[in-house]
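Presented below is the structure to which this report refers.
None of the figures in this text is laboratory data; all of them are computed from the coordinates on show. Since the model is a prediction, treat every value here as computed from it, not as a measurement. Every residue, glycine as well, gets a Cβ built from its backbone with ideal geometry; the counts of neighbours run over all protein chains shown.
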There are 4 protein chains.
Amino acid sequence: MRAVVKTSSEPGLEMIDVPMPELGPDEVLLQVKATSICGTDLHIRNWDPWAQTHVTPPIVVGHEMCGVVVDKGPKADGPEIGQLVSVESHVVCNRCAFCRTGKGHLCENTKILGVGRDGVYAEFVAVPAANAWPDPPDMPYSIASLQENFGNAVHTASVPLVSGRKVLVTGCGPVGVMAVAVARALGARLIIASDVSDYRLAMAKQMGADITVNPATGDVVDTIMDVSEGEGIDVLLEMSGAPSAINEGFTSLKSGGEAALLGLTSAPLEFNLDDHVIFKGASVYGIVGRRLWIDWYQMRGLLRSGAVDLSPIVTHRYALDDFDRAFETMASGECGKVIMFPDPQDADGPLE
Amino acid sequence: MRAVVKTSSEPGLEMIDVPMPELGPDEVLLQVKATSICGTDLHIRNWDPWAQTHVTPPIVVGHEMCGVVVDKGPKADGPEIGQLVSVESHVVCNRCAFCRTGKGHLCENTKILGVGRDGVYAEFVAVPAANAWPDPPDMPYSIASLQENFGNAVHTASVPLVSGRKVLVTGCGPVGVMAVAVARALGARLIIASDVSDYRLAMAKQMGADITVNPATGDVVDTIMDVSEGEGIDVLLEMSGAPSAINEGFTSLKSGGEAALLGLTSAPLEFNLDDHVIFKGASVYGIVGRRLWIDWYQMRGLLRSGAVDLSPIVTHRYALDDFDRAFETMASGECGKVIMFPDPQDADGPLE
Amino acid sequence: MRAVVKTSSEPGLEMIDVPMPELGPDEVLLQVKATSICGTDLHIRNWDPWAQTHVTPPIVVGHEMCGVVVDKGPKADGPEIGQLVSVESHVVCNRCAFCRTGKGHLCENTKILGVGRDGVYAEFVAVPAANAWPDPPDMPYSIASLQENFGNAVHTASVPLVSGRKVLVTGCGPVGVMAVAVARALGARLIIASDVSDYRLAMAKQMGADITVNPATGDVVDTIMDVSEGEGIDVLLEMSGAPSAINEGFTSLKSGGEAALLGLTSAPLEFNLDDHVIFKGASVYGIVGRRLWIDWYQMRGLLRSGAVDLSPIVTHRYALDDFDRAFETMASGECGKVIMFPDPQDADGPLE
Amino acid sequence: MRAVVKTSSEPGLEMIDVPMPELGPDEVLLQVKATSICGTDLHIRNWDPWAQTHVTPPIVVGHEMCGVVVDKGPKADGPEIGQLVSVESHVVCNRCAFCRTGKGHLCENTKILGVGRDGVYAEFVAVPAANAWPDPPDMPYSIASLQENFGNAVHTASVPLVSGRKVLVTGCGPVGVMAVAVARALGARLIIASDVSDYRLAMAKQMGADITVNPATGDVVDTIMDVSEGEGIDVLLEMSGAPSAINEGFTSLKSGGEAALLGLTSAPLEFNLDDHVIFKGASVYGIVGRRLWIDWYQMRGLLRSGAVDLSPIVTHRYALDDFDRAFETMASGECGKVIMFPDPQDADGPLE
């Protein structure tokens, strides 16, 4: 079958022929209907220091997808053949103390599709049956594919209490604007979004932000103090990993506020624990992955009720054969989610 | 000044002239702009057993209102003269262990306006400055008046987690339909509402219920099992106090579910603790009043963001002079909130 | 092998020869070192209505035990051969929504050892590897056996906040007195215990109760009000299932208090929701089983630190051959935990 | 009356005669029975940068104390004349949004005794009646005086869940060793304490630490990994403010762990948000003051039940006239709490 593969320890990706995946006894074989690009995939393509230490070529790349079950191992529970499913990309051990206490997202033996085992930029992929999440048959493939990424937003916006509160979202990439949408759906009082890209701020507005601010042209902290009557924000959802945004976010945070951090900083930063956390009596939560499977149930609820509509963030569709152009679009930052279809016939909108 | 008074220990209310209220040092004097009728006021008018043991005539009745500050005691902090305010009807001591640990709604020395001290169906009323909640000057008087009752709905719907979940609201009087609206604003996945009145079920639908069911004409538990794929509900908001509704609600509750109880049953009931609570591992919360002042801040957030729009539930407006007709309307059950205006010029809509 | 079996649908148990258990691929075979008797086992022996509807003879009875791993199925992770383990008696499916969201104790497909599948009053038993909890090699067999029951006490006393608070434990059977010990270990301010048996109240005192009261000879509510300066209790741990105890417990509960209910009432009861729950703003939690596996980790912590010492509650030891005498002792109520040893050589104290 | 005063903007303190305090209408006048020294008082004596920006001479210094009510203002509720009380040093406004939502410890108008208004190193002091916490008449003055500081330890150890868990306390000054005692009382599984002073580590051991480690002579992280079977700690209580200790603490923290931070760092530090917080899915809580008045009730419970015994940490007693020697002892670090008595007759142990 065809697959997009990191073939050697250098920048770039190649589409090549690879053998069909082997199907384990607890696994299902999926025909990939749609896949989407995450920031992690860019790191792997660029072969940056993180990728060099976490990825061993050759490996099929990609971890966001939906597909249809075409085969099942003999011990595989769960979805039946023909069922449309989305995929949780974290394959966990179910045996460690984290997995055994409802904290599977912290599993110490996690293997990630497209990072630690073969991924989903391919015609087919085998995953544990437990990782295949049944979708309604009429869910658009684009939405079904990006659900895994949506789960990061749901996780981030669900740990602090956003309802009735003033919320700042720093970083308006796809997961940031999805966090805006979740905060809106959960009844936030006021949502402010910051990013260095006006394109992305426009997307944030479309997904429900009340106020947007570009630090290149406006002062984030001043803006927040203006619109919050000098009080600051109750909740920070940090999706950028940028030290300046982190600093602005914590400076704007009220005493007793809550900060949920998803964006990675890639390096230690200067941080004022006294002013940002201790004197404020603030609570800070590190966010990683999706709480298994609480956040998937939560996603299902938010999507089926219509409380969140993700369709505006699907901005580009490509054939998987066109993965290079798709990655260029993603790298440009002038996009929402970029979806790729192994079979162009499966596209749920016009291809670029 | 004119006021609606329970003058003697028998059914009925009278409008009579009473002296202007005395203003304590920590109090503000309010000119009443609008007042609304709560179930408690019906009990007092009807002089039922509860009223007979809790109310000592003569007393000015009523506890839901908004008004304008016209005078302040020498030690009164808070809103300035001319400010529009809503009123929290529970006057608490600020000294007991409950008040001192963030649980003022459980204050053991609570006095309630219109029940334990003179109330608000009058031209003027004096209340502690702390009980006067500043409103935006452009808030319609009807909405400002009913906020106190809205606070019961916010409290009830905020204690369990409703976001992304299936919620049943039993009892669709005004506070029930406001609970529907709050659950909607907080991102509930599915909202089912039950009541014996089709009028009220229509109101519930207007405020955001997905499914309504009248136990007189449909089976509540069957309906819920149908629409929840046999799972039942995650959250019960019990606003009726009716034993049959309580039983239906708990029967429909999933294992691990949460039930928040606001409706009063007035008498002990047969209750199956094993099946309804223990085997299910359910959590049950008694709800009384408004968490001081968390729920008022929460209300402010939900109203200012537009997440909740209360205007549809204001169905009737009367001059306070017409209080008898207003009470008859309230007693009929064919209404949402019934608002009364001491000065008909203040009415924010056509009077009946 | 020898096993204690419910052979037919009538009262009584028999020790008979049965085939060795079949070992599933994910299972471990355990040589039973010690077993203990739970109230459920009495119900099954007595063949009461509950037993008649939940148990289908023939079945090996018993669910509390420790043992040594003597064989493993080909897919069994977890403890190695020779390891001493305690056993979680709830075999859960790991696939339902409860299992997938950290609520395995509410699994809708639970099978209980000795109730829904063959149990542990036998020389050997096969259980899923996941249900075998490794113990330190020097843990006394009696303690290792009763850990599963201890888990009920840990679960009950961990859901409400007991530290620094006044706690009432109603019902001082073995799980009740273990709840006393847990409340003590977690820093409760004052522990009151009630029971109709003075023998059991003495055991409660030994495990850490400050005050004990027998409703046959003293007024529970009066006693509590006396020792709490008229305030009542912050936390009720209800372990009896007796309506009178439930009523006394809720009457003594402070506003804002928490009640965790483990004892089963077997029938609906008259319950005053208004006074006991709603007006008090109380929280009530149904408790079932052990939170998988949070409560097992919690148990491990409490036992290894020495914060809880369970040895005083092991009051009787029998050879398994003597199961009839052991059951008579358990039925008398004049005992703590009654332990039985398939091999009398394994007894960690003198046999009766 | 005599009082210890910061008389001018330079290092040092003086005992001088000052007028008796004025008594406000809501205040009580206290005759000081015992006072104790906190790190803050050292900063003020040393006149370091923090003190220079927060303190305006002349001001009576000191904020930890107990005393007897000798007069009451006309509006003062609360303790009667003759009552022994401890004092909460944070005088809050009761009007801001924090005070009105159960977060008085974050009051934006807080005035601290001995920092923002006259303090307690004096024969008499006037404080709001609400700040005077009644003590049992037989509570030793030393213990009653240090309760306010104990409240910091209770707050810090109560926000994360310590029961049944492995806890690291970094920094074993008086508040650190009190946190050790609280963690012990709440049922921690294992308590590790680190400090650069062997004197203080001995004190930590006496108050309940299982393992102590001095980073000058042993590797903190290695020690923790050894004693936790490679798992690390569940909970970090950071009481030192030392960047090296903070780093060791977070490095030792398990995924999903909780860190409560009380120690002030005085300056921004290099902090690895990715490794310490985000990838771990950790929760970090800033701790300031005492939750009003939850932590005072919690203290009362822990002390009255005997779950915590604070007497070992009272290591030195001085007459207040000897304040210079008392401060030298405190500055040496070779001490627990240092207590000073305005009237040496009140000393509850031998004076130095």
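The mean number of Cβ atoms from other chains found within 10 Å of a Cβ in peptide A:263-276 is 6, as a whole number. Taking a Cβ cut-off of under 14 Å around A:Leu264, the surrounding Lys, Arg, Asp and Glu residues balance to a net charge of -3, with basic ones at +1 and acidic ones at -1.
Shape descriptor for segment B:46-113: Rg over Rh equals 1.04 (Cα atoms; Rh from the Kirkwood inverse mean 1/r). The HN-Hα couplings worked out from phi for segment B:308-316 by the Karplus form 6.51 cos²θ - 1.76 cosθ + 1.60 (θ = phi - 60°) are 10, 10, 8, 4, x, 8, 7, 9, 9 Hz, whole numbers, x standing for Gly and Pro. Of the residues D:Cys107, D:Val87, D:Met65, the one whose Cα sits farthest towards the positive end of the charge dipole of segment D:1-136 is D:Cys107 (charges of +1 on Lys and Arg Cβ, -1 on Asp and Glu Cβ, taken about the Cα centre). Counting only other chain Cβ atoms within 10 Å of each residue's Cβ, the peptide D:301-314 averages 3. Calculated mean residue ellipticity at 222 nm for chain C: -7500 deg cm²/dmol, from DSSP H runs with n ≥ 4 weighted as -39500 (n - 2.57), summed, divided by the residue count and rounded to 500. Over segment C:23-152, the ratio between the Cα radius of gyration and 2.2 N^0.38 Å evaluates to 1.03. Between copies, the label points at D:Met1 (set 7 angstrom from Cα along Cα-to-Cβ) are spaced 4.5, 7.7, 8.3 nm, reported in nanometres from shortest to longest. Taken residue by residue and averaged, Cβ atoms of other chains lying within 10 Å of the Cβ of A:187-198 number 3. With one equal scatterer per alpha carbon and no solvent term, the Debye-computed log10 I(q)/I(0) for segment C:202-352 at 0.18 1/Å reads -1.27.
By the count of other C-beta atoms within 10 Å, a proxy for reagent exposure, A:Thr315, B:Thr56, A:Thr223, B:Thr35 are ordered fewest to most as B:Thr56, A:Thr315, A:Thr223, B:Thr35.
Distances between copies at C:Pro312, taken between label points 7 Å from Cα along the C-beta direction, are 2.3, 6.2, 6.5 nm in increasing order. For segment A:264-336, what is the convex hull volume of the alpha-carbon atoms per residue, in Å³? Cα convex hull per residue, to the nearest whole number: 202 Å³. In terms of surrounding Cβ atoms within a 10 Å radius of their Cβ, A:Thr156, A:Thr101, C:Thr170 rank from fewest to most as A:Thr101, A:Thr156, C:Thr170. Chain C residue nearest the rotation axis toward A, with distance: C:Gly102, 1 (Cβ to axis, whole Å). The base-10 log of I(q)/I(0) for segment D:1-67, evaluated at q = 0.18, 0.25 Å⁻¹, reads -0.74, -1.18 [Debye formula, identical scatterers on Cα atoms, solvent excluded].
Ordering B:Thr156, B:Gly230, B:Phe279 by the projection of their Cα atoms onto the charge dipole of segment B:154-286, which places +1 on the Cβ of Lys and Arg and -1 on the Cβ of Asp and Glu, puts B:Thr156 at the extreme positive end.
Taking a span of 24 Å or more along the helix axis (Cα atoms) and a mean Kyte-Doolittle hydropathy of at least -0.5 as the rule, the DSSP H helices of chain D that qualify are D:141-158. Residues A:Glu148, B:Glu328, A:Glu229 in ascending order of nearby Cβ atoms (within 10 Å, fewest first): A:Glu229, B:Glu328, A:Glu148.
Measuring from a point 7 Å out along Cα→Cβ, what nm distances, shortest first, does C:Ala331 have to its partners in the other copies? From this label point to the equivalent ones elsewhere in the assembly: 6.2, 7.9, 8.1 nm. Based on alpha-carbon atoms, the Kirkwood radius and the radius of gyration of the protein assembly as shown give Rg/Rh equal to 0.96.
Every Cα-Cα pair in segment A:82-190 was counted, and those over 16 Å apart are 67% of them. For the protein assembly as shown, the antiparallel share of DSSP beta bridges with both residues in that region comes to about 55%. A convex hull fitted to the Cα coordinates of chain C yields 131 cubic angstrom per residue.
Placing unit charges on the Cβ atoms of the charged side chains and taking the dipole of chain A about its Cα centre, the candidate lying farthest along the positive direction among A:Val220, A:Gly257, A:Gly349 is A:Gly257.
What residues qualify as long-range amide H neighbours of C:Val338, i.e. H under 5 Å apart, gap of 5 or more or another chain, H built at 1.01 Å from N? HN-HN under 5 Å from C:Val338: C:Ile37. Enter the Cα centre distance for the pair segment A:292-352 and segment C:58-99, rounded to the nearest angstrom. After rounding, the separation between the Cα centres reads 43 Å. When the P(r) is computed for segment A:154-286, the part past 22 Å accounts for 25% of the Cα-Cα pairs.
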